[in-house]
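The values are calculated or read from the model by the stated rules, or taken from the named source; none is laboratory data. If you're wondering where the values come from, they're calculated on a predicted model, not measured in any experiment. Using ideal geometry, Cβ is built from the backbone for each residue, glycine included, and neighbour counts are taken over all protein chains shown. Please note that ligands, DNA and RNA were not included when accessible areas were found on the heavy atoms of the full protein model with its side chains. Shrake-Rupley method; radii C 1.70, N 1.55, O 1.52, S 1.80 Å.
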Amino acid sequence: MFIESPRYTERFGSVRMSHIQRVISLDSGARKRLPAHTSTGVIKIDEETIRYFESRMAVVIPIKDEKLRLLEGVVSGVPHDCLVIVASNSQRERVDRFRMEGDVLSQLCRFTFRQALIIHQKDPVFAKAAAQANYTDILDRNGLVRDGKGEGMIMGLIVAKAAGKEYVGYIDADNYFPGSVLEYVRNYAAGFSLAQSPYSMVRILWRYKPKISAGLYFKKWGRISEITNKYLNSLISTKTGFETEVVKTGNAGEHAMSMQLAEILPFASGYAVESQELISLFENFGGILPTRESKVIEQGIDILQIETRNPHLHEERGNQHLNDILLCSLSTIYHSPLCDKEVKQAILADLINQGILKEGEIPTPVHVHAPLRNANVTKLVEAVRSNLDRYRVLR
Ligand code: GDD
Ligand code: MG
């Protein structure tokens, strides 16, 4: 593919965050050498490089009661050499939707000669392994993994590590366009190929998110992402003293990271997960609060933001759902020790203005799980690895 070269990178302590890089063209042909007239500012990522990263990557698909046709479409878009891991919190009683997801997956895998893994969030074997490895943060009162998208992502991550993968990418299950899924994963691979540090993250910005009102309208920004980005940028600006607009992917559900970064990252519960990732990185490695991670500081952390060619179309879930996401997302910023009084006040005013909070209320803090590294990772991963056959769709 052809992608804009990383033009400008902002630094916060050890965190290097690149400004948006646009995908210029989805394919760049088979020829290794470029003709002399290739424009500057654009780089070619060849197929070999993309394939290198894809074969080392697991694509985790968190799902909760989505249309099976959407799941099938999403899986069909994941490049063949990536390992697909479906982390499901779907209904089991009455209609066993989890089972149906497994059936859809195994049929597709049979046709296409590939393996995939599927795990349920309430899997007792997984929960027992987590308890024994002292990773109890992720468990609820019944001793099973808590509900929430973030929790599904952590499970997927642990399974990916057990399967020996070096990178993990996330793709939502409610995407209507398989072709966009293919592009997201290729963009992850391109991003990793450009990162300098082994601690790297690639976050996707959709070119457009079409809305149907009077006609089809190619909207660029969603309400939630615009607000989250604004406050993440304010939080950075107030600390550095220089106004910035670098953050454009505060709520990027579609994102990927190296296993080395994933293991040291605290993941938040539910839909707060994506904004908390950035907050945690700024807190732990932004150079303002103390840190003990000398190895990470030495290498730095690369965050790349890539704008797609494809538009994004997913399920519309209404205003209440969006308000819930906005509230937990802003809660991660509001409760950060990096957030000063003015930013807090602006967040509260915004939430009150939108009717999400009442006068005098503050956002409830979200649950943030300890990084995987704090648990006995080896023990946990070993236990999951010895059970991997249970999660394979083709036995
Ligand atoms: N395993 C699991 N467990 N998956 C879940 C759960 C859960 O408890 N809840 C939701 N999901 C799945 C959904 O089925 C979907 O595939 C994906 O997580 C995203 O959920 P959506 O409900 O579609 O989120 P959204 O599109 O409105 O919200 C967007 O912004 C959020 C906030 O940053 C998405 O990009 C989210 O991924 C993002 O977290
Ligand atoms: Mg969605």
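So the values come out like this:
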{"item": "Selected residue (criterion: surrounded by the most Cβ atoms within 10 Å (Cβ to Cβ)) from residues of segment 90-138 that are part of a helix (DSSP H, G or I) and of a type in the set (Val, Ile, Thr)", "result": "138"}
{"item": "Test: residue in segment 128-146 that is in contact (Cβ under 8 Å) with a residue 40 or more places away in the chain and within 16 Å of residue 389 (Cβ to Cβ)", "result": "yes"}
{"item": "Scan of segment 175-206 for residues that are charged (D, E, K, R) and open to solvent by 10 Å² or more (accessible area, probe 1.4 Å), ordered by number", "result": "186"}
{"item": "Some residue of segment 284-298 being among the hydrophobic types (A, V, I, L, M, F, W, C), within 26 Å of residue 374 (Cα to Cα), open to solvent by 30 Å² or more (accessible area, probe 1.4 Å) and touching a Lys or Arg at 6+ places or on another chain (Cβ under 9 Å)", "result": "yes"}
{"item": "Scan of segment 279-331 for residues that are touching a residue at least 40 places away in the same chain (Cβ under 8 Å) and within 10 Å of ligand 1 (Cβ to nearest atom), ordered by number", "result": "312, 314, 315, 322, 324, 325, 326, 328, 329"}
{"item": "Options 48, 4: the member that is more than 21 Å from the chain's Cα centre (by Cα), open to solvent by 80 Å² or more (accessible area, probe 1.4 Å), among the acidic types (Asp, Glu) and more than 16 Å from ligand 1 (Cβ to nearest atom)", "result": "48"}
{"item": "Residue, nearest to residue 373 (Cα to Cα), within segment 245-258, restricted to residues that are more than 16 Å from ligand 1 (Cβ to nearest atom) and open to solvent by less than 10 Å² (accessible area, probe 1.4 Å)", "result": "258"}
{"item": "Qualifying residues in segment 163-174 (those that are under 14 Å from the mean Cα position of the chain (by Cα) and either on the phi > 0 side of the Ramachandran plot or crowded, with 24+ Cβ neighbours inside 10 Å (or both)) - the one nearest to ligand 1 (Cβ to nearest atom)", "result": "173"}
{"item": "Tally of residues being in a helix (DSSP H, G or I), more than 21 Å from residue 224 (Cβ to Cβ), of a type outside the set (Phe, Trp, Tyr) and out of contact with any Asp or Glu (no Cβ under 6 Å at 6 or more places or on another chain) across segment 251-292", "result": "7"}
{"item": "Hits in segment 146-162 - residues which are outside any loop (DSSP other than H, G, I, E, B) and either among the hydroxyl-bearing types (Ser, Thr, Tyr) or within 9 Å of ligand 1 (Cβ to nearest atom) (or both)", "result": "149, 150, 151, 152, 153, 155, 156"}
{"item": "Scan of segment 347-363 for residues that are open to solvent by 40 Å² or more (accessible area, probe 1.4 Å) and either under 22 Å from residue 284 (Cα atoms) or not polar (S, T, N, Q) (or both), ordered by number", "result": "349, 352, 355, 358, 359, 360, 361, 362"}
{"item": "Every residue from segment 294-333 that is closer than 17 Å to residue 278 by Cβ and either over 22 Å from the mean Cα position of the chain (by Cα) or within 16 Å of ligand 2 (Cβ to nearest atom) (or both)", "result": "325, 326, 328, 329"}
{"item": "Which numbered condition residue 93 misses (of (1) over 23 Å from residue 379 (Cα atoms); (2) at pLDDT 95 or above)", "result": "(2)"}
{"item": "Segments classed as helices (runs of 4 or more DSSP H), wholly inside segment 311-395, with at least 1 members that are under 20 Å from residue 153 (Cα atoms)", "result": "319-334, 377-385, 388-391"}
{"item": "Hey, residue 236 within 16 Å of ligand 1 (Cβ to nearest atom) and within 22 Å of the chain's Cα centre (by Cα) or not", "result": "no"}
{"item": "Any chance residue 58 is assigned to a strand (DSSP E or B) and touching a residue at least 40 places away in the same chain (Cβ under 8 Å)", "result": "yes"}
{"item": "Selection status of residue 302, open to solvent by less than 20 Å² (accessible area, probe 1.4 Å) and out of contact with any Cys (no Cβ under 9 Å at 6 or more places or on another chain)", "result": "yes"}
{"item": "From the options 84, 74, residue that is in contact with a Pro (Cβ under 9 Å, 6 or more places away or on another chain) and open to solvent by less than 10 Å² (accessible area, probe 1.4 Å)", "result": "74"}
{"item": "Filter result (of a type outside the set (Phe, Trp, Tyr), over 11 Å from residue 200 (Cβ atoms) and away from ligand 2 (no atom under 16 Å from the Cβ)) within segment 254-268", "result": "263, 264, 265, 266, 268"}
{"item": "Hey, residue 234 assigned to a helix (DSSP H, G or I) and farther than 29 Å from residue 166 by Cα or not", "result": "yes"}
